[in-house]
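The values are calculated or read from the model by the stated rules, or taken from the named source; none is laboratory data. Just so it is clear, the structure is predicted and the values come from calculations on it, not from any experiment. Neighbour counts are summed over all protein chains in view; Cβ atoms, including those assigned to glycine, are modelled from backbone coordinates with ideal geometry.
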Amino acid sequence: MKSIAGSLKLFYLTLMLTFIQVMTYAQESSGSGSTSTTKVEISADTGNWFANNWIWVVGVIVFIILLFALIGGGSSSRRTTVVREDMGTGRVTRTTTVDDDL
């Protein structure tokens, strides 16, 4: 369980750093100190939403997060300790059993 949680934290950190890198790269200007004009074209074409790559990327990320949530959240363990004391010798025996639900 600890390795899955560590992997999930590493995945979130990598994802966050990737988004930060993309945002900072998008803010760079094309020249050093020069003023340039940018032409923006806006089209009203909304066909084929599944042809956009960002939709597939978001879908895969959501799928991976759901997969980790379903796999990691289902395991639990129960620990039982039985203590026995022998009255004649004064010896104490402890037995611990762990039940893992897989």
Scan of region 57-97 for residues that are out of contact with any helix residue (DSSP H, G or I) (no Cβ under 8 Å at 6 or more places or on another chain), in a helix (DSSP H, G or I) and either modelled with pLDDT of 85 or more or surrounded by 10 or more Cβ atoms within 10 Å (Cβ to Cβ) (or both), ordered by number: VAL57, VAL58, GLY59, VAL60, VAL62, PHE63, ILE65, LEU66, LEU67, ALA69
If I ask for residues that are assigned to a loop (DSSP other than H, G, I, E, B) and either surrounded by 10 or more Cβ atoms within 10 Å (Cβ to Cβ) or modelled with pLDDT under 60 (or both), which ones from region 13-34 would you list? SER29, SER30, GLY31, SER32, GLY33, SER34
